Amino acid sequence: MIRNYLILVGVLGILAVSLGAFGAHKLASLVSEKSLSAFQTGIQYHFYHTLAILGTLQLFPLISNTNLLKKAILAFAVGILLFSGSLYFLACSQYIGIEHWNKIIGPITPIGGLAFIIGWGILFYVGLKEMKFKDE
């Protein structure tokens, strides 16, 4: 199980670095500043939540109910797909000829943001209710 999550982290990390390089070196000359800024926001949140998944994996040995951690990881992965993915498409929509999809893709971004919030909320709950520390 941990192996699969590490593979996920590796793939997400590779994508974040690759897309970041694409944005910095190629996309910057093709799209507006506003589009480039949106793309960079997608990259930042992609990286943050890839690292959040990696950090969440460190909690597995510390709690007995790992189902909550799995749900947090799923929420972070869905958030990356929806939030960052939609920003990538919105930023590149004119360049790749799908600007007519912006009204469909745009509303997906806050759903991805909600997935991130849910993931962090699950970790908050785990900290309150599930974790047992040595001094307790």
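The values are calculated or read from the model by the stated rules, or taken from the named source; none is laboratory data. Just so it is clear, the model here is predicted, and its values are computed rather than measured. Ideal geometry is used to build each Cβ from the backbone, glycine not excepted, and the neighbour counts take in all protein chains shown. SASA here: full protein model, heavy atoms, side chains in, ligands and nucleic acids out. Shrake-Rupley method; radii C 1.70, N 1.55, O 1.52, S 1.80 Å.
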Where a ≥ b ≥ c are root eigenvalues of the Cα gyration tensor, a/c under 1.5 meaning rounded, otherwise prolate if a/b exceeds b/c and oblate otherwise, the chain counts as prolate
Classified through the alpha carbon gyration tensor (a ≥ b ≥ c as square roots of its eigenvalues; rounded if a/c is under 1.5, else prolate when a/b is larger than b/c, else oblate), region 80-124 comes out prolate
Per the helix-only model, the chain has a calculated mean residue ellipticity at 222 nm (DSSP H runs of ≥4, -39500 (n - 2.57) each, divided over all residues, rounded to the nearest 500) of -23500 deg cm²/dmol
The Cα radius of gyration of region 57-136, divided by 2.2 N^0.38 Å with N its residue count, comes to 1.48
The FRET efficiency for Phe22 and Ser64, from their Cβ-Cβ distance with R0 = 35 Å and rounded to 0.05, is 0.25
Charge dipole of region 9-136 built from unit charges on the beta carbon (Lys, Arg +1; Asp, Glu -1), centred at mean Cα; most positive-end Cα among Phe76, Leu87, Leu15 is Phe76
Yeah, region 43-90 with a ≥ b ≥ c from its alpha-carbon gyration tensor (a/c under 1.5 is rounded, else prolate when a/b outruns b/c, oblate otherwise) is oblate
A 1.4 Å probe over the protein heavy atoms gives the chain a carbon and sulfur accessible-area percentage of 67
Taking the chain, the lysine pairs whose C-alpha atoms sit under 22 Å apart (8 or more places apart or on different chains) add up to 6
The size of the Cβ-based charge dipole (Lys, Arg +1; Asp, Glu -1) of the chain about the Cα centre, to the nearest 20 debye, is 200
